[in-house]
Amino acid sequence: MLQLTKPLAVIDLETTGINLATDRIVEIAIVKVMPDGSKSVKHKLINPEIPIPKQSSDIHGITDEKVKDAQTFRQAANELKQFLDQCDLAGYNALKFDIPVLAEEFLRVNVDFNFKKRRYVDVQVIFHKKEQRTLTAAYQFYCKKELKDAHSSMADTTATYEVLKAQLDRYGDLENDVEKLSEYSAYNNNADFVGRIIYDERGEEIFNFGKYKGKPVVQVFREDPSYYSWMMNGDFSLYTKKVLTEIKLREFGKA
């Protein structure tokens, strides 16, 4: 059994596509594991309010027709926030996709969901550091089971949780502690989810792309104030913009 000091929510999303800034959730499944080992489940189809491309429907099987009467994320947001209250988060490729997409959805509907006070465990990162495989192969490798209904949120979420438990059994150097698993799952020192802004060795936010790559965000805003406006008006994720605004307010007292 996982050693938990607070609930761990294992999340999987199906979406209209893979663009973090513009694509939307069409299905969400959450398995919430409590410190005593008990579990509760939240599973919802979501009306994305935009068309679902055929190439996405071909992968997960969710069409416009299937979600036309489902709740929108705006309608489901407070229920999801309450279900995830006080939880650390886990998933498969969650740090690069599921968690950033979820953050975008909460920001889009102005629901205050604090992502900073949580630890994140990414089963894919652990798997890739150890074995380099897909979720289907991970399920076969660790659990000796065939993953049926792959790209179904519920099947993927359940498989992810089983793989995480099997990884702890297999690798003696993996500590059965969410904080340690979170540290092991981390790709880098991102200040935002997508790595546009990272922390340097002193804990200062620096840009990680473009003409100001490697320069402190505060320095850039001081020397080129228009860069903030350019990013806020650009095709960047809402969470990246939120981080930028927090830095600007912190350092200059205004956005």
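No lab work stands behind these numbers, since they all come straight from the coordinates. Fair warning: this is a prediction, and the values are worked out from it, not measured in the lab. Using ideal geometry, Cβ is built from the backbone for each residue, glycine included, and neighbour counts are taken over all protein chains shown.
Considering the chain at the alpha-carbon level, its Rg and Dmax are found to be 19.0, 57 Å. Per the Debye formula with a single identical scatterer at each Cα and no solvent contribution, what log10 I(q)/I(0) holds for region 197-252 at q = 0.18, 0.28 Å⁻¹? At q = 0.18, 0.28 Å⁻¹ the computed log10 ratios are -0.54, -1.41.
When only Cα pairs under 8 Å and 6 or more residues apart are kept, what is the percent relative contact order across region 110-255? All intermediate terms of the calculation are to be shown ahead of the outcome.
Numbers: 133 pairs, mean separation 24.2, N = 146.
In percent, rounded to a whole number, it is 17.
With each label modelled as a point 7 angstrom along the Cα→C-beta vector, the E65-Y199 pair spans 5.0 nm. Computed over the chain, relative contact order equals 18 percent, with contacts defined as Cα pairs under 8 Å that lie 6+ residues apart.
Each eigenvalue of the Cα gyration tensor of region 102-240, multiplied by 5 and square-rooted, gives one semi-axis; in descending order these are 36, 18, 13 Å. Projecting the Cα atoms of A103, Y120, S152 onto the dipole axis of region 100-171, where Lys and Arg carry +1 and Asp and Glu carry -1 at the beta carbon, places Y120 farthest toward the positive end. Placing pseudo-labels 7 Å out from each Cα toward the beta carbon at Q55 and K165 gives an inter-label distance of 3.7 nm. DSSP beta bridges confined to the chain are antiparallel in about 70 percent of cases.
Using the structure shown, list the pairs from K6/K254; K32/K180; K117/K242; K116/K211; K54/K116; K6/K116 with a Cα-Cα distance above 25 Å, or answer none. Write out the running numbers ahead of the final one.
Working: K6/K254 36 Å; K32/K180 19 Å; K117/K242 16 Å; K116/K211 28 Å; K54/K116 35 Å; K6/K116 15 Å.
Pairs exceeding the cut-off: K6/K254; K116/K211; K54/K116.
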